[in-house]
Amino acid sequence: MIKNIFLSGIALVAMSLLTSCQKEMADNSPNTRPLTAQEEKTVASSNDFAFRSFAQLSETEGPKNVFISPLSISMSLGMAYNGADGETKEAMRQALGFTLPSDEEINKSFKDLDVLLKGIDRKVVFTSANSLWHSKEYKLQAPFIKTNQTYFDATVQGLDFSSPAAKDQINNWVKSKTNGKIEKIVDEVRREHILFLINAIYFKGTWTYPFDKTLTKPEPFYLENGNTITPAFMTMKDGEYLHYQDDQVQLIDLPYGNEQYSMTILVPGRDRRVQDVAQELSANRLATLLEDANKTTYELHMPKFKLEYSKELNDMLKQLGMGIAFGNQADFSRMVEGQANLAISEVKHKSFVEVNEEGTEAAAATSTGIMVTSLPPSVRIDRPFVFMIREKSSNAILFIGKLMQPE
């Protein structure tokens with residue numbers, strides 16, 4: 001018998017489609033409400049994980065583009081957390097930044113936050129789906145199933161993991177939940193795999209103030225290595241957005257839909273680099289920048305871009321303190337009946353994002369194997385930058401990345 005039966009799973013898929021739109025009518029006003037104390041802590045935990053994981057990946061990737069969905073990763077690993085125990089559970093709690101005192105509060109806050117995000121902006125579609133795919137040779141423990149069904153609305157499906165059709169069935173589910181943007185998350189189902197946990201989110205919205213397609217043209221973009229490229233730059237003439245600038249950083253916050261969701265862009269100061277911004281980014285830092293920002297109608301110029309990102313996240317999660325979950329000492333004894341020797345085999349992340357005049361199209365999948373004086377002032381984003389897609393009332397960060405080179 002294999003000493004360590006690996007959990008192949010916790011696959012998480014995040015999809016975001018943001019196309020063009022006009023400012024929201026009064027009858028479509030945001031459906032906001034105050035967050036509960038538990039939800040505030042869950043968002044804080046997810047965002048803390050976002051900043052730490054992004055900073056780590058940004059340093060590792062150097063001059064490469066990065067794009068991840070930390071909220072989805074947190075939710076996916078949250079389902080796996082429900083099957084962990086002992087030191088493994090505590091390590092996952094620390095790595096994911098969970099601060100609520102009980103498992104029930106952690107799970108309930110994820111469920112409540114999911115409901116909030118789905119209904120807060122009528123011009124934005126936000127959906128999420130979860131599923132557990134297990135080998136028919138093994139039986140999941142009833143409490144583990146019940147918890148993930150109750151709080152994550154997870155579908156549970158047993159498959160013949162020896163059949164090639166098992167991989168296809170999982171991938172088809174992922175493809176359907178991401179509108180075809182992530183076609184494959186599982187590359188293979190190996191004999192030691194017994195479980196895949198999949199979380200998928202789908203986001204479709206619009207720029208509140210679209211860019212004028214007729215004004216798009218090639219302009220210079222200055223790379224950190226000193227080279228210059230000329231991608232297509234978009235121009236927004238009549239929009240309104242938040243803006244702040246000092247010697248350290250420039251912030252641009254562009255709204256979507258009813259202005260509940262936005263893309264927040266952080267451009268480093270002239271003598272600084274993207275990694276400087278990534279390393280100092282935190283909840284307090286972001287909150288301070290947003291508080292100091294003012295609404296502006298400056299003409300805005302920024303590049304269209306499309307990037308794809310693929311990365312195995314094992315090393316990043318180990319560096320964040322979750323190493324025990326990957327080895328012989330892992331304890332997922334609350335997951336599968338009669339099996340205490342379980343461990344996560346790999347955590348893979350795939351993502352896609354395209355930003356154009358109408359909006360943004362993005363998808364992410366994580367598989368855990370378990371300005372001129374004589375002219376009007378303007379803002380020009382012509383250097384590498386950090387960017388986020390976030391929901392404003394909850395401050396939840398759905399996506400975070402860095403654009404080092406538009407493609």
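Viscosity 0.890 mPa s, temperature 25 °C: Stokes-Einstein D of the range 192-280 from its Kirkwood Cα radius, in µm² per second? Using the Kirkwood radius from Cα pairs, D works out to 150 µm²/s.
Note on residue 33/residue 90: beta-carbon distance plugged into 1/(1 + (r/R0)^6) with R0 of 35 Å gives a FRET efficiency of 0.60. The simple spin-label model puts a point 7 Å past each Cα toward its Cβ; for residue 127 and residue 153 those points are separated by 1.0 nm. A Förster radius of 60 Å, combined with the Cβ-Cβ distance separating residue 213 from residue 337, puts the computed FRET efficiency at roughly 0.55. Given +1 at the Cβ of Lys and Arg, -1 at the Cβ of Asp and Glu and no other charges, the dipole of the range 21-142 around its Cα centre is 360 debye to the nearest 20. For the cross-link pairs 41/318; 118/402; 111/177, the C-alpha atoms of every pair lie within 30 Å.
Taking label positions 7 Å along the Cα-Cβ direction at both residue 315 and residue 102, the computed distance is 4.1 nm, reported to one decimal. Here the gap between residue 296 and residue 187, fully extended at 0.36 nm per residue and compared with their Cα-Cα distance, gives a gain of 34.6 nm. Within the shell defined by Cβ-Cβ distances under 12 Å, the residues around residue 221 carry a net charge of -1, with Lys and Arg each +1 and Asp and Glu each -1.
Coordinate-derived values only; no laboratory data. All values derive from a computational prediction rather than experimental measurement. When we count neighbours, we look across all protein chains shown, and the Cβ atoms used for this are built from the backbone with ideal geometry, even at glycine.
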